[in-house]
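Accompanying notes for the structure given below.
The values are calculated or read from the model by the stated rules, or taken from the named source; none is laboratory data. Nothing here was measured: the structure is a model prediction, and the numbers come from that model. Note that each Cβ is placed from the backbone with ideal geometry, even for glycine, and that neighbours are counted across all protein chains shown. Remember, those area values only see protein heavy atoms, side chains included, never the ligands or the DNA or RNA. Shrake-Rupley method; radii C 1.70, N 1.55, O 1.52, S 1.80 Å.
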Amino acid sequence: PWLQKDPWTGIGKESVWGFSPALDLLDVASTDSLQNAEEIQILLTGASDCRHLLKTLAKSRRHTTKPIKFILHEPNLRTHARHLMFLQFLMELDIEDDLDEKTFQLLELLGNCKLRADTQTWLRSAAQKIAKFLSDGEGLLAKCVDTTPMKARERDWIEEQVQWWKSDKVSFDIDTAWDQRMRLDLAERYDARKNMIDWDYHMGLGDLGPLVKFQEYRYFRNTAIAYDKDLIDPAKDGKAVYEHVNRSLLHFDRKGKAYYAGDIKNGPFACFGVETPNRKIIIKQHDGYRFGAGVCALHNVRAWLYEWLTGREWVWQEHVFQWDKTEEKMAEIRAK
């Protein structure tokens, strides 16, 4: 009922991603807390996505060898389904995987309302495994996740949401839903939406910094896709086709009717795409910066996944549209 009672806004009624850059939480923790505790405990409340968890886990071996316990609290229960999805993604990640493809899959799952076929296939498979974990306590998640602090009805509700991710009965037109949300948000200004998108970008996203380019923001507002593989790496062979709705972003009622109640105005760019230690891609030009938030997110997430897999720091390089020879680096790691 709450989806229909309150007025809709551009930011939505459900938080589907965060609006701040990812943090290495062990880096900001006090030295005493890292040295004196037998187990490091970190409370994350209202994070809305996996950004802090991913960066902290990837860099954890730089700070400590002690076990780390994350306590995740979310005002919106459905967000926990997404947390389980991202944890399943990290647990399944293997050194034999194509790191480039996995990086894009994670970015798609985080911030695209539409997915490629391969990512959709992974999501359906992951949904089955997550549901098995919630019902029977089996699978990779059973090794690292404890849901006993939740009430039984909360776990059942999360499992119900996840079950719809793989159901063949779900039919949802994200393009129509996205357009309806824009009409509700802009009201009489809908016909001038091109100008309104320009206004929102220049007056509303300035605090995120110059790496969020207007072209990618406008593309997100019009297509519901924040990370398009062809736009970030146009030199790759083939064209990416986004034809499947990202069900992990949808809210389902008991009958399987879906709603998209998330953000349509700001986008997920702040999570991974506004800060980076890779100074080689911060190239200023007369009209701004050469690369935008998509390229920045690609380099950041790829580096964290690489460190999560290998325990070694990624060697930053320029963005040359050949994935910085990632496959060659991974081949060297596998050979050792």
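I'd like the full set of residues that are over 26 Å from LEU77 (Cβ atoms), over 17 Å from the mean Cα position of the chain (by Cα) and touching a residue at least 40 places away in the same chain (Cβ under 8 Å), limited to segment 237-265.
Answer for segment 237-265, where residues must be over 26 Å from LEU77 (Cβ atoms), over 17 Å from the mean Cα position of the chain (by Cα) and touching a residue at least 40 places away in the same chain (Cβ under 8 Å): ALA240, VAL241, GLU243.
From the residues in segment 228-244 that are open to solvent by 60 Å² or more (accessible area, probe 1.4 Å) and within 14 Å of HIS319 (Cα to Cα), which one is modelled with the lowest pLDDT?
Selected residue: LYS236.
Scan segment 168-211 for residues that are at pLDDT 90 or above and at positive phi and jot them down.
none
Can you find even one residue in segment 68-75 that is surrounded by 14 or more Cβ atoms within 10 Å (Cβ to Cβ), touching a residue at least 24 places away in the same chain (Cβ under 8 Å), closer than 15 Å to GLU307 by Cα and acidic (Asp, Glu)?
Scanning segment 68-75, I find no residue that is surrounded by 14 or more Cβ atoms within 10 Å (Cβ to Cβ), touching a residue at least 24 places away in the same chain (Cβ under 8 Å), closer than 15 Å to GLU307 by Cα and acidic (Asp, Glu), so the answer is no.
For LEU34, are the conditions met, namely being part of a helix (DSSP H, G or I), farther than 18 Å from HIS80 by Cα and not β-branched (Val, Ile, Thr)? It would help to see each step written out before you state the result.
Values: part of a helix (DSSP H, G or I): yes; farther than 18 Å from HIS80 by Cα: yes; not β-branched (Val, Ile, Thr): yes.
For LEU34, the condition - part of a helix (DSSP H, G or I), farther than 18 Å from HIS80 by Cα and not β-branched (Val, Ile, Thr) - is met.
Being of a type in the set (Ser, Thr, Tyr), open to solvent by less than 60 Å² (accessible area, probe 1.4 Å) and closer than 15 Å to TRP165 by Cβ: is that true of THR79 here?
Working: of a type in the set (Ser, Thr, Tyr): yes; open to solvent by less than 60 Å² (accessible area, probe 1.4 Å): yes; closer than 15 Å to TRP165 by Cβ: yes.
Considered against the rule, which asks whether it is of a type in the set (Ser, Thr, Tyr), open to solvent by less than 60 Å² (accessible area, probe 1.4 Å) and closer than 15 Å to TRP165 by Cβ, THR79 comes out as yes.
Can you give me the ranges of the helices (runs of 4 or more DSSP H) entirely in segment 170-232 with at least 3 residues that are hydrophobic (A, V, I, L, M, F, W, C)?
Correct list: 174-186, 193-204.
Can you name the number of the only condition in (1) closer than 22 Å to VAL212 by Cα; (2) buried (at least 17 other Cβ atoms within 10 Å of the Cβ); (3) modelled with pLDDT of 90 or more that ILE40 fails?
(1)
Every residue, every condition in (1) open to solvent by 40 Å² or more (accessible area, probe 1.4 Å); (2) over 17 Å from ARG78 (Cβ atoms); (3) touching a residue at least 24 places away in the same chain (Cβ under 8 Å); (4) within 22 Å of the chain's Cα centre (by Cα), yes or no:
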site	(1), (2), (3), (4)
LYS151	yes, no, no, no
GLU154	yes, no, yes, no
GLN161	no, no, yes, yes
PHE172	yes, no, yes, yes
ASP175	yes, yes, yes, yes
TRP178	no, yes, yes, yes
ARG183	yes, yes, no, no
TYR190	no, yes, no, no
ILE197	no, yes, yes, no
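Which of (1) modelled with pLDDT of 90 or more; (2) surrounded by 20 or more Cβ atoms within 10 Å (Cβ to Cβ) does THR310 not meet, given it meets every other one?
It is condition (2) that THR310 fails.
Looking at the structure I just gave you, is PHE220 modelled with pLDDT of 90 or more, open to solvent by 30 Å² or more (accessible area, probe 1.4 Å) and of a type outside the set (D, E, K, R)?
The answer is no for PHE220.
Would a scan of segment 88-96 turn up a residue that is surrounded by 14 or more Cβ atoms within 10 Å (Cβ to Cβ), under 17 Å from the mean Cα position of the chain (by Cα) and in contact (Cβ under 8 Å) with a residue 60 or more places away in the chain?
Yes; the residues of segment 88-96 include at least one that is surrounded by 14 or more Cβ atoms within 10 Å (Cβ to Cβ), under 17 Å from the mean Cα position of the chain (by Cα) and in contact (Cβ under 8 Å) with a residue 60 or more places away in the chain.
Checking ALA131 against (1) part of a helix (DSSP H, G or I); (2) open to solvent by 10 Å² or more (accessible area, probe 1.4 Å), which single condition isn't satisfied?
Exception for ALA131: condition (2).
Which condition does THR103 not pass, out of (1) without any contact (Cβ under 8 Å) to a residue 40 or more places away in the chain; (2) among the polar types (S, T, N, Q); (3) open to solvent by less than 90 Å² (accessible area, probe 1.4 Å); (4) more than 18 Å from TYR260 (Cα to Cα), if it passes all the others?
Single failed check for THR103: (1).
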